[in-house]
1. Within the stretch 23-45, which residues are open to solvent by less than 10 Å² (accessible area, probe 1.4 Å) and within 17 Å of the chain's Cα centre (by Cα)?
2. Restricting to the stretch 192-208, what's the tally of residues that are open to solvent by 50 Å² or more (accessible area, probe 1.4 Å) and touching a residue at least 40 places away in the same chain (Cβ under 8 Å)?
3. So which residues in the stretch 60-110 are farther than 19 Å from K25 by Cα, modelled with pLDDT of 90 or more and in a loop (DSSP other than H, G, I, E, B), if there are any at all?
Amino acid sequence: KCFPAQIRDRSGMVAMEGVNADCHKIDVFVEWDDGTINRPQVVAFQDLYSGKILSWRVDHDPNKVMVMAAFGEMIENWGIPRHCLFDNGHEFANKWLPAGTPTRFRFQIRDSDPLGVLPLLGIKVHWATPGHGQAKPIERSFGGFASDIAKDARFHGAYVGNSPLAKPENYQSRAVSQEVFLKVLAEGIAEHNAREGRLSPTCQGRSFDATFADSYARAAIQKATEEQRRLWMLGQHVGTLHQQNGSLG
């Protein structure tokens with residue numbers, strides 16, 4: 001506390017040089033097509049230079065499949081980043097994505113483990129400080145999700161409040177359908193990216209979309225080949241084969 005607050009300067013970066021990702025539980029009750037009612041988890045990938053949300057997925061709970069799906073969509077639409085900033089949650093620090101990365105303190109590490117998708121694509125992985133939200137820039141965008149998207153008028157009655165002490169009077173009076181929730185979420189993220197007047201040093205009053213597009217047009221972007229695309233379309237499982245029938249144990 002004796003030192004001034006650290007200020008991130010991203011003016012020396014370019015679009016898709018680095019991305020960060022995290023999960024966020026939306027403060028809205030949703031009724032899924034299978035009848036389940038809960039507060040969905042959203043995983044999103046954000047460009048560090050501009051702040052633009054590049055891809056996202058929704059599921060009941062954080063898991064590596066939704067992370068991989070959002071990761072694959074980002075690469076197919078925008079290209080391969082050089083750096084990724086993750087937290088140390090199981091949905092990110094699993095053997096499917098960053099296996100072989102130094103300081104991945106999750107699960108038992110074996111010399112026989114195959115490399116994960118990120119090292120195979122040449123992406124350098126960085127781990128955020130556990131339990132420290134300020135270490136992940138995307139948390140600022142999630143604050144916007146909580147104040148703007150979750151409080152959309154179409155979620156009236158399904159909004160649960162941002163803390164146990166801030167429950168609305170109509171708490172848990174209804175749950176929005178999966179279709180409505182996904183529609184509002186997609187519109188909210190598009191509006192979040194397109195909103196003018198962002199005051200970061202890289203945006204200078206422009207939107208995240210415009211800032212990203214301007215840098216992206218001049219940056220050297222690495223695109224994935226069809227062979228590399230198969231890396232995030234297929235999972236890995238390491239095990240021993242049965243001595244008699246050859247099945248995977």
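1. Of everything in the stretch 23-45, those that are open to solvent by less than 10 Å² (accessible area, probe 1.4 Å) and within 17 Å of the chain's Cα centre (by Cα) turn out to be I26, P40, V42, V43, A44, F45.
2. Number of matching residues: 1.
3. G79, P81, R82
The values are calculated or read from the model by the stated rules, or taken from the named source; none is laboratory data. Here the structure is a predicted model, which is why all the values come from computation and not from measurement. Every residue, glycine among them, receives a Cβ derived from its backbone with ideal geometry; neighbour counts consider all protein chains shown. Quick note on the areas: whole protein, heavy atoms, side chains included, nothing else; ligands and nucleic acids left out. Shrake-Rupley method; radii C 1.70, N 1.55, O 1.52, S 1.80 Å.
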